[in-house]
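K.L.:
Submitted below is the structure of interest, expressed as structure tokens.
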Amino acid sequence: EKFTISLDALTYTDKHWPNYVLGVVDQLQKNGYQLQGFNAVIAGDVPLGAGLSSSAAVECAAAFALNTLFALELSLKTMVQLSQKAENDFVGLQCGIMDQFASMFGRKEQVIKLDCRSLEYDYMPFDTKDIQVVLMDTGVKHSLASTEYNLRRQECETGIRLIQQKYPLVQSLRDAGMEMVNECLEPNSIVYKRCRYIVEEIQRLQDACTDLEKHDMVSFGKKMFETHQGLSSLYQVSCEEADALVSAVIGDDAVLGARMMGGGFGGCTINLVRKESVDTVIKRVGGIFDGRFGRPLKIYQVSIEDGTSLTGSTDNK
């Protein structure tokens, strides 16, 4: 597909995919950066609608390319922030900054522990010498993700306001503990479930980073299963297919951990599979999935690589 537009008249397009580039251009211009007309070709192998942040990949690639092309001298962090704003303001999804940050700051064989409030970050070792990261695609396009993501955010913000009535210093759920959630929110209400998941997940992430520092991938994997349970039953952003895929690998000694990933309501599950058992696991789970849903299971075997950079360049600074 092709798309053409004037820099002087940027508007949202029903073609959808150009909006991720146009949003970046819009942010650059609004922040006073001088651009000229340009031609761009976008190619990639990130599956669309699979919960793998293809939108963030396009935004970060566009920001990086324009920064290079027009010598704007933007830092990686600034490009990340502009890319997030592009999705918030132009595309209309009130996403956090995690996807864009990971896309830009990724480092081979490591994962990022990111403080989304201060943007402080650390790299955690991710030991995959005996493990293959396997993505299992539900085949469901996450069309609900945009509207439901914004709704979940609103529900959490409602919980924060209720907690603030007694604990005014609480600015976000990261400032709250489970005792506050239990005290201030009506048990088993929608808002309670949303806030409980977030508060529990924040602690789980801290504990999981400790596991990674110890190279304890077994304990890390168990927390992935716990996260999926929370995403499914408390935050309620999973789907039947994702739940079935995770259920199919629970109790399999060859699979250390599994959970849904991305915006939810479809997309992929991410699985940590012992390398010697990858083919066996894929065949077994594929058979279960096909038998239940009547379609073949798409599989992506992936690795953790460096973030946005010029092709052939080892320096993305």
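The values are calculated or read from the model by the stated rules, or taken from the named source; none is laboratory data. Remember, it's a predicted structure, so these values are computed and weren't measured experimentally. For neighbour counting, all protein chains shown are included, and Cβ atoms are generated from backbone atoms with ideal geometry for every residue, glycine included. In case anyone asks, the SASA skips ligands and DNA or RNA and just uses the protein heavy atoms, side chains included. Shrake-Rupley method; radii C 1.70, N 1.55, O 1.52, S 1.80 Å.
K.L.:
Check Ala57, Ala65 and return the single one that is surrounded by fewer than 20 Cβ atoms within 10 Å (Cβ to Cβ) and not in a loop (DSSP other than H, G, I, E, B).
P.N.:
The unique qualifying residue is Ala65.
K.L.:
Assigned to a helix (DSSP H, G or I), closer than 28 Å to Cys116 by Cβ and modelled with pLDDT under 95, is that true of Glu87?
P.N.:
yes
K.L.:
Turning to a different aspect of this structure: Go through (1) in contact (Cβ under 8 Å) with a residue 24 or more places away in the chain; (2) of a type in the set (A, V, I, L, M, F, W, C); (3) assigned to a loop (DSSP other than H, G, I, E, B) one by one and return the number of the condition Val41 breaks.
P.N.:
(1)
K.L.:
Taking the residues in segment 286-312 that are small (Gly, Ala, Ser) and farther than 19 Å from Ala102 by Cβ as candidates, determine which candidate is modelled with the lowest pLDDT.
P.N.:
Looking at residues that are small (Gly, Ala, Ser) and farther than 19 Å from Ala102 by Cβ, I get Gly312.
K.L.:
Another one. I'm trying to understand the selection: among the residues of segment 30-53, which are open to solvent by 40 Å² or more (accessible area, probe 1.4 Å), among the aliphatic types (A, V, I, L, M) and touching a Leu at 6+ places or on another chain (Cβ under 7 Å)?
P.N.:
Val46
K.L.:
Tally up the residues in segment 95-136 that are outside any loop (DSSP other than H, G, I, E, B) and under 15 Å from the mean Cα position of the chain (by Cα), please.
P.N.:
13
K.L.:
Could you count how many residues in segment 175-228 are closer than 30 Å to Lys129 by Cα, in contact (Cβ under 8 Å) with a residue 12 or more places away in the chain and not in a helix (DSSP H, G or I)?
P.N.:
Result for segment 175-228: 1.
K.L.:
Hey, another quick one. Mind counting the residues in segment 153-170 that are open to solvent by less than 60 Å² (accessible area, probe 1.4 Å) and within 14 Å of Arg196 (Cα to Cα)?
P.N.:
So the answer is 6.
K.L.:
Now a separate question. What number of residues within segment 85-121 are open to solvent by 40 Å² or more (accessible area, probe 1.4 Å), farther than 19 Å from Arg204 by Cα and in contact with a helix residue (DSSP H, G or I) (Cβ under 6 Å, 6 or more places away or on another chain)?
P.N.:
Number satisfying all stated conditions: 3.
K.L.:
Run down Ile198, Ile270 and say which single residue is farther than 30 Å from Gly294 by Cβ and among the β-branched types (Val, Ile, Thr).
P.N.:
Exactly one of Ile198, Ile270 is farther than 30 Å from Gly294 by Cβ and among the β-branched types (Val, Ile, Thr), namely Ile198.
K.L.:
Any chance you could count how many residues in segment 6-29 are under 15 Å from Val91 (Cβ atoms) and open to solvent by 50 Å² or more (accessible area, probe 1.4 Å)?
P.N.:
Result for segment 6-29: 6.
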